[in-house]
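Here's the structure, in structure tokens; my notes come after.
The values are calculated or read from the model by the stated rules, or taken from the named source; none is laboratory data. This one's a predicted model, so the numbers in the text were calculated from it and none came from an experiment. A quick note on method: Cβ atoms are made from the backbone with ideal geometry, for glycine too, and the neighbour counts reach across all protein chains shown. What goes into the accessible areas is simple: the full protein's heavy atoms, side chains included, and nothing from ligands, DNA or RNA. Shrake-Rupley method; radii C 1.70, N 1.55, O 1.52, S 1.80 Å.
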Amino acid sequence: MSSSSKDSHLIRYYSKLIETYIQLSLYEEAEATATRVLAVDPSNLIVRLKRGHARRRAGHLVGALADFETVLSIPPKPDTAQALHYDEALRQRDIVVDVLGCSYLELAYAHPNQIAEYNAPSISPSSNEARPGNPLKSSLDEPLPTNCRFYNHLGCRRGKKCLFSHAPDARSIRDDLGKNVCLYHLVGKCKWDSFTCIYSHSKDNLPSEYVVEDVISKVAWWTNPARIEAVRQLIEKRDARRKKIHEQIERAKKRNIDHNKKSKNKRDNNPDNKDNGGDRLTNTTANNRPAHSSSSSNSNCDETLVIDWESDSESEGELQFEDVESPNLDLLSYGIKPWEHEEAKALAVALDNLHT
């Protein structure tokens, strides 16, 4: 895999992670994750747009307006994915302006330093591409199938050479030390104790408040009983939806196995196929069989839409990406243009099924 494809995979992983946090109403985590990605890839308009979404929902309206205006500052090319991002940023910008009662130019004129801080990291001509000597994977932790227990507890001495993941995922949030704190523990649903869970259970290094503006701050969500209950309910709904999809996938696999057995028995009992024809049919069937035929519950056999249903244990499958709330943004995240009707329609139907 080339360096550019690895960087693309890394950005896609963190982009989907941001969507996961937004879906679970963890807007502070979504903003922090987006800021880490923008620090190494400032020109990524998709991530900046998602940070604007997270800021708006967290009540950080000025910061959200700054992100939307930054996306709008790049003229889009007609009939491209960027044109859809531009339209979405324009719609979100108008919503924020209506709430604030003033335009971005008025705010930038009255508070230039504050607006510049919210725009950071800024887009510059030199940031249109990742710097050659600074690949993204050297700045962002690369996700791997299994999380590193040592990294999240006492610390991992292997660093980048570790064969286990140091990256955040959909079941954890990052503290100020970079450790991944168990999300299920924060909402009171982790079935493991602090020694058994692969994630940290310590809240000591989690920030106690979220700064919305210079003079406005909110308590962290894990200290607010109402927010904890809201996040717990969203997690339960997500897990129930994943479990339902997992069961449907397993039933479909069982039906395929039964069908293949019946077809094989029928061919074996047919005297016309007991000669060379039977072997030829068997070989043809084996060659047409999907490459990924394992019974893993973490895949729906579609590389463009990976849905996982997992527990808090160490047993991990492939890298997973969360389903998202915006079909248009999701199509773009998968590299499918909505004007390519057949592929877009197929994926849109799959996404709609996730929310029913």
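Here are some notes:
- Hz values of 3J(HN,Hα) by residue in segment 219-234 - Karplus curve (6.51, -1.76, 1.60), Gly and Pro given as x: 5, 4, 5, 6, 9, 10, x, 5, 5, 4, 5, 5, 5, 4, 5, 5
- Around the amide H of SER217, modelled in the peptide plane, lie the amide H atoms of VAL212, all under 5 Å away and 5 or more residues distant in sequence or on another chain.
- Evaluated over segment 142-256, the Cα radius of gyration and Dmax, each in Å: 17.1, 61
- Database remark: amide H of SER172 closer than 5 angstrom to the amide H of LEU183 (H placed geometrically; neighbours at sequence offset of 5 or more, or on other chains; Pro and chain starts carry no H).
- Linear extension gain, HIS9 paired with GLU247, 0.36 nm per residue minus alpha-carbon span: 82.9 nm
- In the context of the full set of protein chains, segment 10-68 has a per residue accessible area of 18 Å² (1.4 Å probe).
- Computed label-point distance, nm, for sites VAL219 and ASP176 using a 7 Å Cα→Cβ extension: 1.9
- ³J(HN,Hα) computed for each position of segment 65-76 - Karplus, 6.51 cos²θ - 1.76 cosθ + 1.60, integer Hz, glycine/proline x: 4, 4, 5, 5, 5, 5, 5, 6, 6, 9, x, x
- Estimated vicinal HN-Hα couplings, Hz - segment 176-192 in sequence order (Karplus 6.51, -1.76, 1.60; Gly, Pro = x): 5, 8, x, 7, 9, 8, 4, 5, 5, 5, 5, 9, x, 10, 6, 8, 10
- ARG242 accessible area, 1.4 Å probe, all protein chains in place, Å² to nearest 10: 10
- Put simply, the amide H of SER165, placed in the peptide plane, has neighbours under 5 Å in LEU144, THR146, ASN147, CYS148, leaving out anything fewer than 5 places away on its chain.
- Heavy-atom accessible area per residue - segment 137-275, 1.4 Å, Å²: 61
- Among the listed pairs LYS50/LYS243; LYS179/LYS237; LYS16/LYS191; LYS16/LYS189; LYS77/LYS179; LYS16/LYS237, a Cα-Cα separation exceeding 29 Å is found for LYS77/LYS179.
- Loop chymotrypsin sites (Phe, Trp or Tyr not before Pro), segment 137-231 (other Cβ atoms within 10 Å of the site Cβ: 14 or fewer; DSSP): PHE195
- Dividing the convex hull volume of the alpha-carbon atoms in segment 1-75 by its residue count gives 78 Å³ per residue.
- Note on GLU250: accessible area is roughly 60 Å² with a 1.4 Å probe, heavy atoms of protein only.
- Ligands, DNA and RNA excluded, the heavy atoms of ASP79 present near 120 Å² of accessible surface to a 1.4 Å solvent probe.
- Straightening the chain between ALA39 and ALA120 buys 28.3 nm, computed as 0.36 nm per residue apart minus the Cα-Cα spacing.
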